[in-house]
Amino acid sequence: PLVSAVGELGRLAVELLRRGAAPRACEAAARKLNVGVDTVQRVVEGLTYLLTESCKLMISEIDFQDSIHVLGFSDELNKSLLQLYLDNRREIRSILGELAPKLPSYHSLEWRLDVQLASRSLRQQIKPAVTLKLHLNQNEDYTAQVLQTDPSTLLHLIQQLEQALGEMKTNHCRRIVRNMK
């Protein structure tokens, strides 16, 4: 009975990802299993979390078994959870891909350096300003953002970006990026 309950609750977990919360299905499962609706909802949310995190990290079959083995479930239950994961991982990955935010991407950059050499009140004044026009692409829709800054702030921004790129070359970040793909 426990293995069939995992199958039913696993189906509800995948439905939760696909269509959102289904209170009627949880109520029906609670009646069928003779437990409270809150218990069914917590179990479904827990299974959803387990499946989504495992799919995000693209955990192998052995790693998944090791992950659930520490939970102290019976071997029969562990096998049914593994089968649930193996049966649904492609679908869950596609659902997670659809849910990911569509962020704009870089298209091009225009820049201009403006220098104010003097004004009516100050004859010997040098006031530089860098104007950037950043063109972005989001779903074949092009937008432009205009930014203006002084050269020292721009240099600081460049240093921060170079530092972030350097961080990406560390083993820790490489491991994280590899698990994200």
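The values are calculated or read from the model by the stated rules, or taken from the named source; none is laboratory data. Small disclaimer: the values here were computed from a predicted structure and weren't measured. Every residue, glycine among them, receives a Cβ derived from its backbone with ideal geometry; neighbour counts consider all protein chains shown. Surface accessibility is based on the protein's heavy atoms, side chains included, excluding ligands, DNA and RNA. Shrake-Rupley method; radii C 1.70, N 1.55, O 1.52, S 1.80 Å.
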Open item on the list: Using the basic label-point model (7 angstrom from Cα toward the beta carbon), what is the Ile62 to Leu161 distance in nanometres?
Closed with: 4.2
Task: Contour minus Cα-Cα distance for Thr149 and Gln124 (0.36 nm per residue) - done: 6.9 nm
TODO: Starting from the Cα of Lys79, draw a straight line to each of the lysines and keep only those under 21 Å, dropping any in the same chain fewer than 8 residues away.
DONE: Lys56
Open item on the list: I need the calculated FRET efficiency for the pair Asp75 and Met168, taking r as the beta carbon distance and R₀ as 35 Å, to the nearest 0.05.
Closed with: 0.25
Open item on the list: Taking 8 Å as the Cα distance limit and 6 or more residues as the minimum spacing, I'd like the relative contact order of the range 103-173 as a percentage.
Closed with: 25
- [ ] Return the aspartates and glutamates within reach of Lys32: Cα separation strictly under 13 angstrom, same-chain partners fewer than 8 residues apart disregarded; answer none if there are no such residues.
- [x] Glu8
- [ ] Specify the angular offset, from 0 to 90 degrees and rounded to the nearest 10, of the alpha carbon long axis of helix 2-19 from the longest principal axis of the alpha carbons in the chain.
- [x] 30
Open item on the list: Which residue, Ser4, Asn88, Val177, has the largest displacement toward the positive end of the dipole of the chain when charges sit on each Cβ (Lys, Arg +1; Asp, Glu -1)?
Closed with: Val177
Task: Virtual spin-label span in nm between Leu103 and Glu45, 7 Å along Cα→Cβ - done: 2.8
Task: Carbon plus sulfur fraction of accessible area for the chain, probe 1.4 Å, in percent - done: 56
Task: Whole-Å distance, taken between Cα centres, linking the range 26-65 and the range 86-119 - done: 32
TODO: Please find, in a Gaussian network model of the chain (springs between Cα atoms separated by less than 10 Å), the residue of Leu57, Leu122, Leu16 whose mean-square fluctuation is greatest.
DONE: Leu122
Open item on the list: Nearest 500 deg cm²/dmol is fine: what mean residue ellipticity at 222 nm does the chain get from its DSSP H runs of n ≥ 4 alone, each adding -39,500 (n - 2.57), divided by its residue count?
Closed with: -20000 deg cm²/dmol
TODO: Roll a 1.4 Å probe over the protein chains and send me the accessible area per residue for the range 38-159 in Å².
DONE: 74
Task: Choice from Arg93, Arg11, Arg120 showing the highest fluctuation, given a GNM over the chain with Cα pairs closer than 10 Å - done: Arg120
Task: Entry for mean projected area of the Cα convex hull in nm² (calculated from the structure that is shown) out of (i) 17.0; (ii) 14.0; (iii) 10.1 - done: (i)
Open item on the list: Within 11 Å, Cβ to Cβ, of Leu117, how many net charges do the neighbouring residues add up to if Lys/Arg are +1 and Asp/Glu are -1?
Closed with: +1
